[in-house]
Structures are given as structure tokens and as C-alpha cells.
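Asker: Submitted below is the structure of interest, expressed as C-alpha cells.
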Amino acid sequence: MKSVPFLDLGAVNGLIRNELDAAFRRVLDSGWFIMGPELEAFEAEFAEYSGVKHCIGVGNGLEALHLLLRAYGVGPGDEVIVPSNTFIATWLAVSECGATPVAVEPNPLTHNIEAAAIEQAITPRTRAIMPVHLYGQPADMDPINALAGKHGLVVIEDAAQAQGALYKGRRAGSLGNAAGTSFYPGKNLGALGDGGAVLTSDDKIADEVRRLRNYGSQVKYQHDVAGYNSRLDELQAAFLRVKLSVLDGWNDRRREIAGRYTRLLEGKGFELPFVPDYADPVWHLFVIRHARRDALRDHLAKHGVNTVIHYPIPPHRQACYAAYAGQQFPLAEQLAAEVLSLPMSPVMSDEEVDRVVDVLACFDPRA
């Protein structure tokens, strides 16, 4: 029997092959490959889509977060509050500024951090809060923003998994002071290579990020600060313009798949995703939990169902953060031991969803 892929990017991109081919030829024929009209057009289109004034295309999602922190003046001696359970890029962006990531545990239902836990971690050195819209579901942002306002802190969204997600009717990326996002190929809005962007309605921050991404320069050969080379190239911008035009439709299909999983797996012994009333997720991932996750994953693999663990080792247990080894984040470690991401993509059929459910249903937790 044919296996069920976790994510078939060949099939996904095949849906828009002609449009991608046309975008490639357009850039090739133009002879303009860096900082040109495709980037300018994509930045305008994605800013409008996201509900912000500015989109600044950069090299990847990590650099989007790092450049934002730099633009806000975050540096050595400062602290930035981050989730204990996230992809390591969230932490690395803070470390690259010379600042210290301060981890807080997430809500056990949503897996996102929330204001009550964040407040306990604020110190006189805290400069920013970086909530992650994990798995494509927005964090509860209004209380976080209120808390940040009370303490004079900046809120930077890590929106890498949430392009198109809604919080009380507003797009992810428009919910804090600024946001960083990623266009890694597997994202809901994925390039055909690396890419990322900063989103903000703050004119000053937008100008500073534009300068930092381009060697610290606003005028050619004049370098006001020590900047970086982090620019979303013309080809990826052209591809992303094509994909942005179909993003809502593809997200709707993800919602249908998530709904089908939820209906068919209800009461089957797995902890399913919890969606609060304020959130309309885009289901970058459909993550279940089980106490015998590794045995469950082996069972699925044996029957041709491909899964991924997001994330098997929390940041504080990584070798590059050995200084955190003595700190305790039990929920992050529990999630790392129990979460499993099921197949999810806009090209997944109902029959494939049903097959995944059938294989899950015959898992014997005692085996």
C-alpha cells in the first residue's frame, strides 16, 4: 500500500507549476536578481495581506528575528522572554544579539506562552517578549501586549508557522510591535529555498531593518552601521508572490484536514490540539500527544504513515545552551517526549487522512 507522506512539497508545488515557471522566466529575463521589482512588489503585497505598513524581505526567519532585536537596540546585558518549547531559532536570535533568552513554560493546552507566566519572568533587565505562534495557532496576544505596555517592553512575534492565522480577526504578524516570519519551503507560505521577512507598522524600525539587512547601508557605498547581508532575492520573491495568491485556499484545505482528524480521532485515546475561541489557526502542524509516543511513531511508520517530532530536544537541553542545563522546564521536556506531528499539507486527500486515522486506531498502547 502506498505510504502517506508527512509533506509532499513536489506535489504541493506541482499545483502551481506553470505559475512558478512563469515567475522564474520573468526574473531570468529581467536580469535583476537582488533588491529589485519582484521584492518590492512582494513586500507591498504581503504587508497588505498581513495588515501592517511594512514588510522587509530578509534571508531567513532567524535573521528576521535577529535584525528586529538589533533594530530595537537589544544587546548584551538585556533579557528577552521566549518559550521553553519552540524551535531553537527563537532562542538563537536573542543570543546573536548578545542578549539572554529567558524561557517560560507554555500553556499545556495551547502550547503557547501566555501573560501570567511571562509576568513572573520579568526583571529589570527584560527588554522584549517574543511569543511564538506555535504550530500555526496564535498566542493570546491582548494580555501579552497589555503586560508589555505596563512594563515598557517590546513584543516581537515569531510568526514563522502562522502565515494567514487569525487572532480575533487580525492576522498573525500584526499583533505586536513587530514580527519575524520564515519562508522555509515547508512553511504554509514557503519559498523554494530560504527566505524570511520582518513585518511592522513602525516606520523607524522598518527603516532600521532595511539598513541592517543591506550591509548597514541606505545609500550605496555609505555604511552607517555594521550591518549584514540578509536580503530576500528576486527569484524567491517572485515565487512567494505566486504562493501568496493561493495561500488562503491552501490554508482552508489545512483547516478541513484538521477538522477531519479531530472528528475521527475524538475519544480514541490521543490528546488532540486545543483551539481557544480567540484563534483561527492555519494548521502548519497537526500535533497530537501520547505517553508512548515513540512506540506510536514506530507503529505508524511500520504501516507507511510518515510523522515528525516537533521538537524532540528543547532548547535548554541543546549543547549550545549548556549553561541552562541546571534549569528545570518540565512541561517543555514532557512535550518533547509526547508530541507527534501527523501528515498535513494542502494536497492531502480525505482518503489519506482516513488511512492515518485507521492506523492510529489500531495502535495497542500496551504493546
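The values are calculated or read from the model by the stated rules, or taken from the named source; none is laboratory data. Owing to the predicted nature of the structure, the values given are computational and were not obtained by experimental measurement. Cβ atoms come from the backbone with ideal geometry, glycine included; neighbour counts cover every protein chain shown. What goes into the accessible areas is simple: the full protein's heavy atoms, side chains included, and nothing from ligands, DNA or RNA. Shrake-Rupley method; radii C 1.70, N 1.55, O 1.52, S 1.80 Å.
Asker: In segment 266-318, which residue that is aliphatic (A, V, I, L, M) and assigned to a strand (DSSP E or B) is surrounded by the most Cβ atoms within 10 Å (Cβ to Cβ)?
Answerer: Going residue by residue through segment 266-318, those that are aliphatic (A, V, I, L, M) are 272, 275, 279, 282, 285, 287-288, 291, 295-296, 300-301, 305, 308-309, 313.
Checking which are assigned to a strand (DSSP E or B) leaves us with 279, 287-288, 305, 308.
On the way: 279: 22, 287: 25, 288: 20, 305: 22, 308: 18.
Looking at residues that are aliphatic (A, V, I, L, M) and assigned to a strand (DSSP E or B), I get 287.
Asker: Which of the residues that make up segment 116-146 are surrounded by fewer than 19 Cβ atoms within 10 Å (Cβ to Cβ) and hydrophobic (A, V, I, L, M, F, W, C)?
Answerer: Residues satisfying the conditions are 116, 117, 121, 122, 146.
Okay, residues lined up against (1) among the β-branched types (Val, Ile, Thr); (2) in a helix (DSSP H, G or I):
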residue: 123; (1), (2): yes, no
residue: 164; (1), (2): no, no
residue: 176; (1), (2): no, no
residue: 186; (1), (2): no, no
residue: 193; (1), (2): no, no
residue: 206; (1), (2): no, yes
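Asker: Still on this structure, please answer the following. Quick one: how many residues across segment 68-88 are in a helix (DSSP H, G or I) and buried (at least 24 other Cβ atoms within 10 Å of the Cβ)?
Answerer: 3
Asker: Residues of segment 195-223 being more than 13 Å from residue 71 (Cβ to Cβ) and either among the aromatic types (Phe, Trp, Tyr) or more than 26 Å from the chain's Cα centre (by Cα) (or both), which ones?
Answerer: Selection gives 215, 217, 218, 219, 220, 221, 222, 223.
Asker: Another question, then. Picking from 295, 258, which residue would you name as being among the aliphatic types (A, V, I, L, M) and out of contact with any strand residue (DSSP E or B) (no Cβ under 9 Å at 6 or more places or on another chain)?
Answerer: 295 is the lone residue from the list that is among the aliphatic types (A, V, I, L, M) and out of contact with any strand residue (DSSP E or B) (no Cβ under 9 Å at 6 or more places or on another chain).
Asker: Given the conditions (1) assigned to a strand (DSSP E or B); (2) free of Cβ contacts under 8 Å to residues at least 24 places away in the same chain, report the number of the one that residue 198 does not fulfil.
Answerer: Of (1) assigned to a strand (DSSP E or B); (2) free of Cβ contacts under 8 Å to residues at least 24 places away in the same chain, only one is false for residue 198: (2).
Asker: Show the residue pairs that are 6+ apart or on different chains and have beta-carbon atoms under 8 Å apart, the first residue being within segment 105-125 and closer than 18 Å to residue 136 by Cβ, the second being open to solvent by 50 Å² or more (accessible area, probe 1.4 Å).
Answerer: Sorted first by the residue in segment 105-125, then by its partner, the pairs are 106/114; 107/114; 109/274; 110/274; 114/143.
Asker: Further question on the same structure: Regarding residue 47, is this residue closer than 24 Å to residue 247 by Cα, in contact with a strand residue (DSSP E or B) (Cβ under 7 Å, 6 or more places away or on another chain), assigned to a helix (DSSP H, G or I) and at pLDDT 95 or above?
Answerer: Against the criterion (closer than 24 Å to residue 247 by Cα, in contact with a strand residue (DSSP E or B) (Cβ under 7 Å, 6 or more places away or on another chain), assigned to a helix (DSSP H, G or I) and at pLDDT 95 or above), residue 47 qualifies.
Asker: Considering only residues that are within 15 Å of residue 165 (Cβ to Cβ), open to solvent by 50 Å² or more (accessible area, probe 1.4 Å) and out of contact with any Gly (no Cβ under 8 Å at 6 or more places or on another chain), which ones fall in segment 239-252?
Answerer: Of everything in segment 239-252, just one residue is within 15 Å of residue 165 (Cβ to Cβ), open to solvent by 50 Å² or more (accessible area, probe 1.4 Å) and out of contact with any Gly (no Cβ under 8 Å at 6 or more places or on another chain), namely 252.
Asker: Of all residues in segment 51-67, how many are more than 9 Å from residue 93 (Cα to Cα), among the hydrophobic types (A, V, I, L, M, F, W, C) and crowded, with 24+ Cβ neighbours inside 10 Å?
Answerer: 3
Asker: Same structure, new question: Say we look at segment 175-192 and pick out the residues that are more than 21 Å from residue 285 (Cβ to Cβ) and open to solvent by 10 Å² or more (accessible area, probe 1.4 Å); which of these is nearest to the chain's Cα centre (by Cα)?
Answerer: Filtering first and then ranking leaves 176.
Asker: Looking at 333, 352, which is the one that is touching a residue at least 12 places away in the same chain (Cβ under 8 Å) and either crowded, with 19+ Cβ neighbours inside 10 Å or within 24 Å of residue 13 (Cα to Cα) (or both)?
Answerer: Numbers: 333 fails: either crowded, with 19+ Cβ neighbours inside 10 Å or within 24 Å of residue 13 (Cα to Cα) (or both).
Step by step, each of 333, 352 is checked, and only 352 is touching a residue at least 12 places away in the same chain (Cβ under 8 Å) and either crowded, with 19+ Cβ neighbours inside 10 Å or within 24 Å of residue 13 (Cα to Cα) (or both).
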